[in-house]
Amino acid sequence: MDSKQKVIIVGGGFAGIQLARRLDKHLFDVMLIDKINHHQFQPLFYQVATSQIEPSSISFPFRHILKNKSNVLIRMAELTQVHPEQNRISTTIGDFKYDYLVIAIGCKTNFFGNQKISRHSFTLKTTYDAIKIRNHILQTFENIASANGMDKEGLLNLVIVGGGATGVEMAGAFAEIKNNILPKDYPRIDFSKFNITLVEGTKDTLNNMSSKAQKASRTYLQKMGVELLTETFVTDYDGNTLVLSNEIGRAHV
Ligand SMILES: Cc1cc2nc3c(=O)[nH]c(=O)nc-3n(C[C@H](O)[C@H](O)[C@H](O)COP(=O)(O)OP(=O)(O)OC[C@H]3O[C@@H](n4cnc5c(N)ncnc54)[C@H](O)[C@@H]3O)c2cc1C
């Protein structure tokens, strides 16, 4: 009789993968369930979003990562319901029983209840999000190349909301491609008119890091030509006009 315990891990992010790797194969049979078939390396999403690396560079198939773990079964499915009283979960490919259930499905972008902002802005939580941003930015430059007047003015504003690590990295990476790459691809666009703005609600960028890191990020970003709006909240965005707690800007994000 098999005395091994059955562990279901839902989510193959950093947490799920580490656990699947470390559970003793003599004690546990593991099923790793994820709605996609690969691990996504989130820290480099910004490089995909800014066309600096290909999505394949940050995508690692679960079946490859865990190929030496004979006690791990991989299933691509989405968790839809947990029935704790029956030690059972429902997924898009059927139900599974477990002895232990670990839910490691990460988190979502918080729009603080503002549906309008959520509808009109881009998030950066998956590789697909990063590809969407990349495609949108590239399409926007094509649009700029053929637009004129007010339309062009709006297209020339890139706004990033949130001055944490991701926002700072994104702003820096966009400034890099604005300064070094895009002018070569679009020689007829005047990039001195292309504005990159980083909006942050608190007093500093990298607010949860050391004051040295906060100062350095501010100095570097400003040197690279990024406009920093700190102590400023985004209160609304309809896809065209961005409303800030202390001013209104016309923006194309
Ligand atoms: C842009 C960005 C940059 C970051 N940079 C850094 C950094 O430089 N350093 C650092 O330490 N941290 C960084 N982080 C944070 C770090 O990536 C997260 O803390 C970490 O990924 C959380 O791991 P997790 O396993 O909890 O969830 P995740 O890695 O988010 O994994 C969740 C998994 O669950 C799956 N899933 C979700 N819902 C379901 C469902 N219903 N059914 C089945 N599967 C589901 C998803 O497909 C995903 O594979 C960054 C995060 C982001 C978004």
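The values are calculated or read from the model by the stated rules, or taken from the named source; none is laboratory data. Small disclaimer: the values here were computed from a predicted structure and weren't measured. No Cβ is skipped: glycine too gets one built from the backbone with ideal geometry, and neighbour counts run over all protein chains shown.
What tally of residues in segment 178-196 results from selecting those that are closer than 19 Å to residue 51 by Cα and surrounded by 11 or more Cβ atoms within 10 Å (Cβ to Cβ)?
Residues of segment 178-196 that are closer than 19 Å to residue 51 by Cα, as a first pass: 178-187, 189, 191, 194-196.
Subset that is surrounded by 11 or more Cβ atoms within 10 Å (Cβ to Cβ): 178-179, 181-183, 185-186, 189, 191, 194-196.
Here the count works out to 12.
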- Note on the structure: Within segment 56-65, the residues that are assigned to a helix (DSSP H, G or I) and farther than 22 Å from residue 175 by Cβ are 56, 62, 63, 64, 65
- Qualifying positions in segment 100-125 - of a type in the set (Ser, Thr, Tyr) and at pLDDT 95 or above: 100
- Taking the condition more than 21 Å from residue 108 (Cβ to Cβ), touching a Gly at 6+ places or on another chain (Cβ under 9 Å) and either part of a strand (DSSP E or B) or in the same structural domain as residue 133 (by TED's automatic domain parsing) (or both), does residue 74 pass? yes
- Query: Does residue 85 satisfy the condition of being at pLDDT below 95 and either surrounded by 17 or more Cβ atoms within 10 Å (Cβ to Cβ) or more than 13 Å from the ligand (Cβ to nearest atom) (or both)?
  - Reply: no
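How about segment 57-112: which of its residues are of a type in the set (Asp, Glu) and under 17 Å from residue 19 (Cβ atoms)? Show your work before the answer.
Kept after step one, since they are of a type in the set (Asp, Glu), are these residues of segment 57-112: 78, 85, 95, 99.
99, the sole residue that qualifies.
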- Given the conditions (1) in contact (Cβ under 8 Å) with a residue 60 or more places away in the chain; (2) of a type outside the set (Gly, Ala, Ser); (3) over 15 Å from residue 14 (Cα atoms), report the number of the one that residue 72 does not fulfil. (1)
- Task: Could you please find all residues in segment 139-158 being farther than 21 Å from residue 121 by Cα, at pLDDT 85 or above and among the hydrophobic types (A, V, I, L, M, F, W, C)?
- Result: 145
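Quick check on segment 14-39: of everything there that is within 6 Å of the ligand (Cβ to nearest atom) and surrounded by 17 or more Cβ atoms within 10 Å (Cβ to Cβ), which residue is nearest to residue 123 (Cα to Cα)?
Keep residues of segment 14-39 that are within 6 Å of the ligand (Cβ to nearest atom), which gives 14-16, 33-36.
When the remaining residues are screened for being surrounded by 17 or more Cβ atoms within 10 Å (Cβ to Cβ), the result is 16, 33-34.
Numbers: 16: 22, 33: 24, 34: 20 Å.
Looking at residues that are within 6 Å of the ligand (Cβ to nearest atom) and surrounded by 17 or more Cβ atoms within 10 Å (Cβ to Cβ), I get 34.
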- Query: Tell me, which residue of segment 1-13 that is more than 30 Å from residue 163 (Cα to Cα) and in contact (Cβ under 8 Å) with a residue 60 or more places away in the chain is farthest from the ligand (Cβ to nearest atom)?
  - Reply: 4
- Task: Could you look through segment 236-253, keep only residues that are outside any loop (DSSP other than H, G, I, E, B) and either in contact with a helix residue (DSSP H, G or I) (Cβ under 7 Å, 6 or more places away or on another chain) or exposed (fewer than 14 other Cβ atoms within 10 Å of the Cβ) (or both), and pick out the one that is modelled with the lowest pLDDT?
- Result: 250
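Confirm whether residue 69 is in contact with a helix residue (DSSP H, G or I) (Cβ under 8 Å, 6 or more places away or on another chain) and among the charged types (D, E, K, R). Quick ask: steps written out before the conclusion?
Values: in contact with a helix residue (DSSP H, G or I) (Cβ under 8 Å, 6 or more places away or on another chain): yes; among the charged types (D, E, K, R): yes.
For residue 69, the condition - in contact with a helix residue (DSSP H, G or I) (Cβ under 8 Å, 6 or more places away or on another chain) and among the charged types (D, E, K, R) - is met.
Can you tell me which residue among 45, 96 is in a strand (DSSP E or B), within 13 Å of the ligand (Cβ to nearest atom) and not aliphatic (A, V, I, L, M)?
On the way: 45 fails: in a strand (DSSP E or B).
After applying the criteria, what remains is 96.
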- Query: Of the residues that make up segment 41-52, is at least one more than 14 Å from the chain's Cα centre (by Cα) and loosely packed, with under 15 Cβ neighbours inside 10 Å?
  - Reply: no
